[in-house]
Amino acid sequence: MTDLPIYLDYQSTTPLDPRVLAEMMPYLTTKFGNPHSNHSFGWEAAAGVEIARKNVANLIGAAPEDIIFTSGATESNNLAIKGMAYAAYPSKNHIITAVTEHMCVLESCAALARNGFKVTYLPVGADGLIDLAQLDQAITPKTSLVSIMAVNNEIGVIQNITEIGAICMARDVIFHTDAAQAAGKIPLDVSAMNIDLMSISGHKIYGPKGVGALYLRPKNIQPLALFDGGGQERGLRSGTLSPALCAGLGTACKIAKQDMAKDHDHIHNLAKRMKSEILGSLDGVHLNGSEKQRYPGNLNLIFDGVKGDALIKRLRNIAFSAGSACSTGRAEPSHVLTAIGLDKAQIEGSIRIGIGRMTMDQEINYAADHIIDAVKKIRTQL
Ligand SMILES: Cc1ncc(COP(=O)(O)O)c(C=O)c1O
């Protein structure tokens, strides 16, 4: 018998890896110094921050000095998008993104649009991927930045990051990618992929909440800082760093790099089993987004004739999310599922199952059996 409730919402957040907590603890207790102080307590804390910076950089093939610590991917995305757009303004006033981006990217772009910038929102196909020719056509001499996420948080599809990077480089446009759902899960290399800016989040990779990073390729253009203050993080992100949170993110990145192949196999096998059990027992089940180009820990499925919310209500011992859900819990149809062409009934019938490092075999068995049973019961009540 498996312990209940079962957590299958790994895109929303992940549990802290105990190895991460162990590395954080000294910075919450004895090594409590301000990393910006010029004495032994400060130097000790600063040394921890620099080890963390190296570990983050190592995960994505970057140099440590090109990593800036932030409070999470929301802040990294805001700094990358608004900071770069304002730095290039007024000679360039156009940015490009995709309709399926996370709300913090879309809202950053909307804020720029309210302040006189032009924003192109690229559509996606039924597979959730942007069209590369359309991206190329959308770039004008006024375009400063392209921001396209690596892995989508709702449907798990992986955009063609290397090809997007190549287009941006050829057209001399800055390329930012929101890699909150990708870093530590799929191999990423900022040089090979021509990525100029990359956003990372701690709590999506078994690290703590409240910390993230922004990779920033050294270029002749720097983003405009969004915070004014003591000038920490090369003046780009003022405020006292938390050595504990930095150590947590750094350790999470180190473990993710070390265990990436093992995690991937584990997650791929569990997802394959979950999918084949569900598809083998039920008709009218469809996978949302590209089947081939996806992160396996995300199973976003439509169950014909069943509302995701009704499934959640019946399955209180299993934590997963419905297609209508969004970050703040507003019951609005998902903009991502709408963008891949689903109608209202299909969106309402979608659920996202998130599988991760800590998911166990027996949890998949329990969840698959109970989801199948609940879908059958809901369908017979129609
Ligand atoms: C793709 C994506 N970008 C950005 C974020 C925001 O990350 P954070 O919670 O670190 O601010 C998330 C988290 O939901 C995400 O999935």
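The values are calculated or read from the model by the stated rules, or taken from the named source; none is laboratory data. In this text the structure is predicted, and so the values were computed from the model without any measurement. Here the Cβ is made from the backbone with ideal geometry for all residues, glycine too, and neighbour counts use every protein chain on show. For accessibility, only protein heavy atoms count, side chains too; no ligands or nucleic acids. Shrake-Rupley method; radii C 1.70, N 1.55, O 1.52, S 1.80 Å.
Key figures for this structure:
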read-out: Computed FRET value (nearest 0.05) for Gln137 with Gln362, which takes r as the C-beta separation and R₀ as 41 Å; value: 0.20
read-out: Highest-first arrangement of 93-100, 126-133, 20-27, where packing means the average Cβ count within 10 Å; value: 93-100, 20-27, 126-133
read-out: Size of charge dipole - the chain - debye, nearest 20, with Cβ of Lys, Arg +1 and Asp, Glu -1, no other charges; value: 340 debye
read-out: Rg/Rh for segment 1-92, where both radii come from Cα atoms and Rh is the Kirkwood radius; value: 1.10
read-out: Calculated Rg and Dmax of segment 74-117 using C-alpha coordinates, Å; value: 9.8, 28
read-out: Length-normalised contact order for segment 237-379 - Cα pairs under 8 Å, 6+ apart - percent; value: 28 percent
read-out: Relative contact order [Cα under 8 Å, 6+ residues apart], the chain, whole percent; value: 23 percent
read-out: Relative contact order [Cα under 8 Å, 6+ residues apart], segment 255-303, whole percent; value: 39 percent
read-out: Set Lys185/Lys254; Lys204/Lys262; Lys209/Lys313; Lys272/Lys344; Lys185/Lys257; Lys344/Lys377 screened for pairs whose C-alpha atoms are more than 19 Å apart; value: Lys209/Lys313; Lys272/Lys344; Lys344/Lys377
read-out: Unit charges at the beta carbon, dipole of the chain: most positive-side option, Ser40, Leu226, Asn298; value: Leu226
read-out: Ordering of 210-219, 311-320, 290-299 by burial proxy (mean other Cβ atoms within 10 Å per residue, highest first); value: 210-219, 290-299, 311-320
read-out: Simple spin-label estimate for Asp259 and Tyr89 in nanometres, 7 Å along Cα-Cβ; value: 4.3 nm
read-out: Segment 278-378, accessible surface, carbon-and-sulfur percent (1.4 angstrom probe); value: 50 percent
read-out: Descending semi-axes in Å of segment 85-151, equivalent ellipsoid built from Cα gyration tensor; value: 20, 14, 8
read-out: Segment Thr29-Asn317, length gained on full extension (0.36 nm per residue, minus Cα span); value: 100.1 nm
read-out: The chain: DSSP helices with Cα axial extent of at least 20 Å and average Kyte-Doolittle hydropathy no lower than -1.0; value: 40-59, 73-88, 243-281, 361-380
read-out: Cα→Cβ-extended label distance, 7 Å offset, between Ala63 and Leu226, nm; value: 2.6 nm
read-out: Hydrodynamic radius (Kirkwood) for segment 104-206, which is based on Cα pairs only, to one decimal in Å; value: 14.3 Å
read-out: Counting DSSP beta bridges with both ends in segment 18-255, the antiparallel % (nearest 5); value: 40 percent
read-out: Residues in segment 41-76 that a label on Asp189 would reach, taking backbone N under 14 Å of a point 7 Å out along Cα→Cβ; value: 58-63
read-out: Accessible area per residue in Å² at 1.4 Å probe, computed on the chain; value: 42 Å²
read-out: Added length on full extension, which subtracts the Cα-Cα distance from 0.36 nm per residue, Arg217 to Ala166; value: 16.9 nm
read-out: log10 of Debye I(q)/I(0), alpha-carbon scatterers only, for the chain at 0.12, 0.14, 0.15 Å⁻¹; value: -0.92, -1.19, -1.31
read-out: Candidate lysines - alpha carbon under 24 Å from Lys92, same-chain residues fewer than 8 apart omitted; value: Lys82, Lys118, Lys142, Lys219
